[in-house]
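J.: Sharing a structure below in structure tokens format, with a few things to ask.
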């Protein structure tokens with residue numbers, strides 16, 4: 001029996017997936033090829049039989065099962081539930097194993113050793129914190145002592161300066177200097193005039 005290689009395109013021809021030119025070539029081939037014509041007739045009969053079958057509506061339970069397998073939120077919820085049960089099972093197994101181990105003499109001795117070591121470490125940590133606090137307090141006290149020593153060293157200079165400033169002549173000179181500075185600043189204040197070319201108050205720079 002001769003084998004026609006164009007029969008592989010019969011399904012595409014029936015599904016209208018070929019280009020118009022390829023569909024015309026396939027129609028001409030089917031008209032002249034007895035094997036492809038018979039196979040095409042069988043395909044058409046099968047498709048017509050399938051079209052006559054009633055379309056079954058899926059049940060709600062089937063739709064829910066499909067959505068539960070497809071929707072990301074439901075998949076994530078299912079994974080969370082599975083992970084929760086897994087963790088619960090592992091935790092229960094660990095608790096049971098720990099209880100069985102603690103019931104043995106070796107387990108009790110190990111627990112006693114562990115609790116003793118933990119207590120010792122906690123006491124050491126507490127002592128370290130107390131020592132650190134005491135060192136900080138001592139350092140702060142040394143700092144205040146340095147400040148008080150510096151104040152004592154500078155006290156004579158402060159007293160000499162205050163006595164100098166309390167002299168009437170010095171007070172008068174300082175008052176006149178302060179008044180002159182205020183007057184100069186008031187004279188150099190910006191005025192609401194238009195822009196001037198060049199620099200203003202250049203003569204003050206030569207004083």
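The values are calculated or read from the model by the stated rules, or taken from the named source; none is laboratory data. Keep in mind the model is a prediction, meaning the values are calculated, not measured. Note that each Cβ is placed from the backbone with ideal geometry, even for glycine, and that neighbours are counted across all protein chains shown.
J.: Out of all the residues in the stretch 94-104, is one or more at pLDDT below 75, within 30 Å of residue 65 (Cα to Cα), assigned to a helix (DSSP H, G or I) and in contact with a helix residue (DSSP H, G or I) (Cβ under 8 Å, 6 or more places away or on another chain)?
T.: no
J.: Across the stretch 20-57, what is the number of residues that are surrounded by fewer than 10 Cβ atoms within 10 Å (Cβ to Cβ) and within 57 Å of the chain's Cα centre (by Cα)?
T.: Summing the residues that are surrounded by fewer than 10 Cβ atoms within 10 Å (Cβ to Cβ) and within 57 Å of the chain's Cα centre (by Cα) in the stretch 20-57 gives 8.
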